[in-house]
Amino acid sequence: MTIRITGRPSPLRNLSRENKQVLSTFTALCFLGLVFTFLSPYFLSVNNLLTVATQTAIIAIIAIGQTYVMITTGIDLSIGSNIALSGMLAGLAMTHGVPVWIAVLIGLASGAVVGALNGVMITYGKIPPFIATLCTMMAIRGVSLTLTQGIPVSSLPKSFTVIGTGSIAGIPIPVILMVALTAIFGFVLARTKLGRHVYAAGSNVDAARLSGVNTKAVLIKVYVISGFLAAAAGLIMAARIISAQPAAGDGYELDAVASSVIGGTSTLGGEGMIGGTFIGAFIIGILRNGLNLVGVSPFIQKIVIGVVIGGSVFFDHIKRKD
């Protein structure tokens, strides 16, 4: 007689690969928070946690757009320059008497236009994403510097700077905007036709095209989204520091890539979730904040973050082989 012993299957078995990735990333975030809680008595203070969230808001917002791009096997290196351009254009408009809401629209529109330009160069010009966005990164940074000869735009109206410095019910407005944009674009990617087409184009662009997906339109929309979100981050940054800086956003495209990769977005395309990217952005934010609290040199911080990114990419490739 054979006795069969059965038990309840592990709940983790019912999770998709993407959800498992988000869960593991969240576990890493909690572990990181626990480590810094022991290392610094100031880490878990309300003020410090709000500071982390506020500082992470800009990284998370631009990382959302980068995630869309990376799912399609692309990359957007123009994010940092887009941050500067949107802030500069909006700042110049406001200092010349343009109403704040119109200036904000000008800044957002500039990001979308740059994104569309990237998309057109990649889809119709057949320029690789790395080269296309590298060109716009350099050109747009030059435009930002030329607009005021490298001089920051200050004396911005309070009705604008409240976006970066104000709070609602004790929660900083940048954090509220970050959560709202994460929810909106997370829903679009996970639950809409555009989201399905983004994944299809990233998994197999030829198969997607043969299935009736207008892959060129999808790619252009993806880069428009990335440009728009970079511009939104640029406006928040300008409002937070109460000036538009032509050098703003320098290197932020790397933070966007790091957050996406740590959050589970594959460098080979076809995989990624906004929830994972959101957590990945907080891992970057907490790493920097925690290392600052314990007195680690900024140079060493770059090494640590580089190792984390490299490890994330390595394990992504290992998982794909399994």
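Across the range 237-258, the qualifying residues are those that are of a type in the set (A, V, I, L, M, F, W, C) and either closer than 17 Å to T146 by Cα or out of contact with any helix residue (DSSP H, G or I) (no Cβ under 9 Å at 6 or more places or on another chain) (or both), and the one among them that is surrounded by the most Cβ atoms within 10 Å (Cβ to Cβ) is A244.
Has the range 144-155 got any residue that is surrounded by 15 or more Cβ atoms within 10 Å (Cβ to Cβ) and touching a strand residue (DSSP E or B) at 6+ places or on another chain (Cβ under 7 Å)? Yes, because at least one residue in the range 144-155 is surrounded by 15 or more Cβ atoms within 10 Å (Cβ to Cβ) and touching a strand residue (DSSP E or B) at 6+ places or on another chain (Cβ under 7 Å). Taken residue by residue, the range 61-82 has no member that is β-branched (V, I, T) and more than 30 Å from A208 (Cβ to Cβ). Residues that are hydrophobic (A, V, I, L, M, F, W, C), within 27 Å of V294 (Cα to Cα) and in a loop (DSSP other than H, G, I, E, B) within the range 43-93 comprise F43, L44, listed in sequence order.
Scanning for something on the phi < 0 side of the Ramachandran plot and touching a Lys or Arg at 6+ places or on another chain (Cβ under 8 Å), does the range 251-259 turn up at least one residue? Within the range 251-259 (the criterion being on the phi < 0 side of the Ramachandran plot and touching a Lys or Arg at 6+ places or on another chain (Cβ under 8 Å)), the answer is no, since none of the residues qualifies. Residue pairs whose Cβ atoms lie under 6 Å apart, sitting 6 or more positions apart in sequence or on different chains, and linking a residue in the range 256-280 that is under 16 Å from C30 (Cα atoms) to a partner that is not in a helix (DSSP H, G or I), are G276/G263; G276/G264; T277/G263; I279/G263; G280/G263. Of the helices (runs of 4 or more DSSP H) contained entirely in the range 129-240, those carrying at least 3 residues that are within 22 Å of V257 (Cβ to Cβ) fall at 129-147, 173-191, 193-203. Per this entry, L32 is not counted among residues that are surrounded by fewer than 17 Cβ atoms within 10 Å (Cβ to Cβ), part of a helix (DSSP H, G or I) and touching a Pro at 6+ places or on another chain (Cβ under 8 Å). Taking the conditions exactly as written (surrounded by fewer than 24 Cβ atoms within 10 Å (Cβ to Cβ), among the aromatic types (F, W, Y) and either touching a Phe, Trp or Tyr at 6+ places or on another chain (Cβ under 6 Å) or free of Cβ contacts under 8 Å to residues at least 40 places away in the same chain (or both)), does F130 satisfy them or not? Here the answer is no, as F130 does not meet what is asked.
Just give me the residues in the range 189-236 being among the polar types (S, T, N, Q) and surrounded by fewer than 24 Cβ atoms within 10 Å (Cβ to Cβ), in sequence order. Matches in the range 189-236: T192, S203, N204, S211, N214, T215. You will find that of A200, A190, A183, A169, the residue that is of a type in the set (A, V, I, L, M, F, W, C), out of contact with any helix residue (DSSP H, G or I) (no Cβ under 6 Å at 6 or more places or on another chain) and in contact (Cβ under 8 Å) with a residue 12 or more places away in the chain is A190 and no other. Pairing each residue of the range 240-255 that is touching a residue at least 40 places away in the same chain (Cβ under 8 Å) and among the charged types (D, E, K, R) with any residue that is part of a loop (DSSP other than H, G, I, E, B) and buried (at least 19 other Cβ atoms within 10 Å of the Cβ), provided the two are 6+ apart or on different chains, yields C-beta distances under 6 Å for E253/L77. Listed by position, the helices (runs of 4 or more DSSP H) enclosed by the range 245-322 that each have at least 3 residues that are among the polar types (S, T, N, Q) are 274-293.
For the range 94-123, residues that are free of Cβ contacts under 8 Å to residues at least 12 places away in the same chain, part of a helix (DSSP H, G or I) and among the β-branched types (V, I, T) total 1.
Coordinate-derived values only; no laboratory data. Since we're looking at a predicted model, the values are computed, not measured. Here Cβ is always computed from backbone atoms with ideal geometry, including for glycine, and neighbour counts include all displayed protein chains.
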